[in-house]
């Protein structure tokens, strides 16, 4: 266990480039384009999983049931509470959308729907909830 704690502690001082290499070793796949903090959490989880074990079959089944029932998080814009911020990266630009009681705000502009925002940002017809990752299928 001491070795595990040391390995996890060593992640704190690693630069992002090294974290991406560690991710590759841990998951045997290229690291996703996420923050250093998220890379550290993912690698630490995988290291613990390898030493201690992963989630129980019962926990995995419960998570699947929750997601299937739509309780794994908001799945449509009408389930979003005012004050929620949606963040999406698109072509090197980070979009931050604030959910309000009347719709959505990005920058200083108000929109009635997420699809309206997605269409303006991409120049193509997009499902706004899908573009912002609120549906079961991931955004491109």
Exercise for review: Among what's in the range 29-59 and is farther than 25 Å from residue 2 by Cβ and under 20 Å from the mean Cα position of the chain (by Cα), pick the residue that is surrounded by the most Cβ atoms within 10 Å (Cβ to Cβ).
Suggested key: 31
Practice item. Tell me which residues, restricted to the range 36-63, are under 26 Å from residue 89 (Cα atoms) and free of Cβ contacts under 8 Å to residues at least 12 places away in the same chain. Key: 37, 38, 41, 45
**Study point:** Segments classed as strands (runs of 3 or more DSSP E), wholly inside the range 42-124, with at least 1 members that are modelled with pLDDT of 90 or more and either more than 28 Å from residue 31 (Cβ to Cβ) or in the same structural domain as residue 23 (by TED's automatic domain parsing) (or both)
**Key:** 93-99, 104-106, 109-111
Point to revise | Tally, over the range 19-36, of residues that are part of a helix (DSSP H, G or I) and closer than 20 Å to residue 50 by Cα | key: 9
Point to revise | Subset of the range 1-16 that is outside any loop (DSSP other than H, G, I, E, B) and surrounded by 10 or more Cβ atoms within 10 Å (Cβ to Cβ) - its residue that is modelled with the lowest pLDDT | key: 4
Exercise for review: Return yes when residue 133 is modelled with pLDDT under 90, under 23 Å from residue 34 (Cα atoms) and more than 16 Å from the chain's Cα centre (by Cα) and no when it is not.
Suggested key: no
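The values are calculated or read from the model by the stated rules, or taken from the named source; none is laboratory data. Note that the structure is a prediction, hence the values are computed from the model and not measured. Because the Cβ atoms are built from the backbone with ideal geometry, glycine has one as well, and the counts that use them run over all protein chains shown.
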